[in-house]
Amino acid sequence: DPDVLVLTPGTPYASGLEPLMAQYAGRVIDVGMKEQHAVSMAAGLALGGTKPVICMQSTFMQRAYDQILHDICYMDLPVTFLCVRSGFAGYDSPTHHALWDIPVLSSFPRLRLHYAMDTHDLVETLTIQLAAPTGPLALLMPYEPVPMPEPALGQRDDGWALVHSGTEGTLFCLGNTLATALAVRQIMAHDYQQDYGVVCVGRLAPLPAHALRDALK
């Protein structure tokens, strides 16, 4: 799609963009360590009719808080944010840990916030967004590789998935903590003979509250 342009503020390596930069010269633009400029530039590109994608480490989103709020969300522009290394970001340094990205991004009006449950969810969400972008979307991805689809994730709904049913209770998790939730479920069954269900939540804003209330029943 020639309308798709990718911007990154000095993080092509950390964002895995180097192969794209070689394949699509001129359409993957490293603006340098200027998060604010990257967001304002994306706003201008969106107003010009293109489909800008901003790819950066999630921890650095806070540097462009003002631009995301005023230039993107207030105008409801179709800009896609790929927020890599969400949460604990390996061993770079404390400044690289995006431990506050979810509460920060949740504070923006009109910004849809999605945490990829697996690679199927990641590709589907990104494909739908870039085919006909409607407003801003932030797609979170963990430091570790996005997991391949769990077979039980076939029971998907709008922004969440029922992985296992349970009689004792339900464990809710985000996309990147599904493996942990499944491990806890196994421990509860093996050590305590308690049957817990698992629900994986991918869409954080707007939260599919009605569906999750039904799951809680």
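The values are calculated or read from the model by the stated rules, or taken from the named source; none is laboratory data. Predicted model, so just to flag it, every value in this text is computed and none were measured. Reconstructed Cβ throughout: ideal geometry from the backbone, glycine too, with neighbour counts over all protein chains shown. Accessible surface areas use protein heavy atoms only, side chains included; no ligands, DNA or RNA. Shrake-Rupley method; radii C 1.70, N 1.55, O 1.52, S 1.80 Å.
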Unique match (being part of a helix (DSSP H, G or I), open to solvent by less than 50 Å² (accessible area, probe 1.4 Å), within 21 Å of residue 102 (Cα to Cα) and not charged (D, E, K, R)) among 161, 211:
211
Residues that are in contact with a helix residue (DSSP H, G or I) (Cβ under 6 Å, 6 or more places away or on another chain), under 25 Å from residue 3 (Cβ atoms) and outside any strand (DSSP E or B), drawn from the range 73-101:
77, 78, 79
With the structure loaded, tell me whether residue 117 is farther than 17 Å from residue 55 by Cα and either buried (at least 18 other Cβ atoms within 10 Å of the Cβ) or in contact (Cβ under 8 Å) with a residue 24 or more places away in the chain (or both) or whether it fails that test.
yes
Can you confirm whether residue 148 is surrounded by fewer than 14 Cβ atoms within 10 Å (Cβ to Cβ) and under 27 Å from residue 15 (Cα atoms)?
yes
Consider residue 89 carefully, then state whether it is within 26 Å of residue 176 (Cβ to Cβ), crowded, with 19+ Cβ neighbours inside 10 Å and either charged (D, E, K, R) or touching a His at 6+ places or on another chain (Cβ under 6 Å) (or both).
yes
Does the range 77-91 include one or more residues that are within 21 Å of residue 10 (Cα to Cα), of a type in the set (Ser, Thr, Tyr) and out of contact with any Asp or Glu (no Cβ under 9 Å at 6 or more places or on another chain)?
yes
Among the residues of the range 171-188 satisfying the criterion of being touching a residue at least 24 places away in the same chain (Cβ under 8 Å) and closer than 30 Å to residue 109 by Cβ, which is most open to solvent (accessible area, probe 1.4 Å)?
172
Enumeration of residues in the range 1-18 that are among the aliphatic types (A, V, I, L, M) and surrounded by 16 or more Cβ atoms within 10 Å (Cβ to Cβ)
5, 6, 7, 14, 17
Just one of 147, 142 is under 24 Å from residue 6 (Cα atoms) and touching a strand residue (DSSP E or B) at 6+ places or on another chain (Cβ under 9 Å); which is it?
142
Among the residues of the range 29-72, what is the count of those that are closer than 19 Å to residue 131 by Cβ, in contact with a Ser or Thr (Cβ under 7 Å, 6 or more places away or on another chain) and in a helix (DSSP H, G or I)?
0
What residue, among those in the range 47-56 that are open to solvent by 10 Å² or more (accessible area, probe 1.4 Å) and touching a residue at least 40 places away in the same chain (Cβ under 8 Å), is nearest to residue 19 (Cα to Cα)?
51
Would you pick out the residues in the range 19-42 that are under 20 Å from the mean Cα position of the chain (by Cα) and open to solvent by 20 Å² or more (accessible area, probe 1.4 Å)?
20, 36
Confirm whether residue 191 is open to solvent by less than 70 Å² (accessible area, probe 1.4 Å), over 19 Å from the mean Cα position of the chain (by Cα) and among the acidic types (Asp, Glu).
no
Candidate set from the range 194-204 (those that are out of contact with any Phe, Trp or Tyr (no Cβ under 7 Å at 6 or more places or on another chain) and open to solvent by less than 20 Å² (accessible area, probe 1.4 Å)); member that is nearest to residue 148 (Cα to Cα)
198
